[in-house]
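The values are calculated or read from the model by the stated rules, or taken from the named source; none is laboratory data. Quick caveat: nothing in here was measured; it's all calculated off a predicted structure. FYI the Cβ positions are ideal-geometry reconstructions off the backbone, even for glycines, and counts take in every protein chain you see.
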Amino acid sequence: MYPLLALSILTVSVVFERFWFWLRMLNQERQIVERVLEAAREDWGLARDIAQRATDQPIGRFLYAPLSLTKNDPESFRLALEATAEDELTGMRRGEKLLEAVIALAPLLGLFGTVWGLIQSLRSIKIGDLGTEATAGVTTGIGESLISTAAGLVVAITSLVFYRFFQSFIFNQVQVFRKAGNELELLYRQSPPSDLNIVNSEAPTLLAPETSSNRNSGRPRKKGKKFGEPYEAPPEPNPTDLDGN
């Protein structure tokens, strides 16, 4: 019963902590999403500031991650959304491993207590005492030993109920993150922010210094003689060509 008591205390602490977490998050989540998306339709800088002020919430960190990028790239925007969503959903599952352990261990501990109680009770029975009043205490001990099994089942069932309850919250959060991320990415593709690492196509290019190799690149060059070849005088003009005949 003492291990079952410890497991029950751990279960209660996890349940209260998770309830407070979900209650605080669900009350502000929808407002944060609506404000960020509404601001993104008009001004990406304002949307980034709103998301930054809400980074104490998982949905705020999820929306701020792509908006804080300095590279104007749709692929980087999508990767930032996916990576942050995975991290936040992992954090939301905190405490689930403990509840899973309680669900598995509590019935086994209760059964172990019952078996141990039966062993102690049956050990005190003598063959000659069967059918007499001396066995009344034995039956009482057997009944008491079953209490540990019942307690283990109660702890396990309670843990399972809250475990499934928190699982439904996480499933809803997956839908919320997916919807908010898709809407934000759609707005980004329709009107990407203009203040993030935009390359100016009209920027002047650096001119290469003028050299002898490109100084006369706009005119055809005459083919010269190689060094060492004999000089040939140009042919004299024909007089008939000068008269046009």
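What to note about this one:
- Looking across region 158-179, the residues that are of a type outside the set (S, T, N, Q) and more than 23 Å from L5 (Cα to Cα) come down to F169, I170, F171, V174, V176, F177, R178, K179.
- Qualifying position, being β-branched (V, I, T) and farther than 25 Å from S168 by Cα, among T90, T70: T70
- Of the helices (runs of 4 or more DSSP H) lying entirely inside region 10-124, those containing at least 3 residues that are more than 29 Å from L186 (Cα to Cα), modelled with pLDDT under 90 and out of contact with any helix residue (DSSP H, G or I) (no Cβ under 6 Å at 6 or more places or on another chain) are 96-123.
- Within region 51-86, the residues that satisfy the criterion of being in contact with a Pro (Cβ under 9 Å, 6 or more places away or on another chain), touching a residue at least 24 places away in the same chain (Cβ under 8 Å) and either loosely packed, with under 14 Cβ neighbours inside 10 Å or not hydrophobic (A, V, I, L, M, F, W, C) (or both) are N72, P74, R78.
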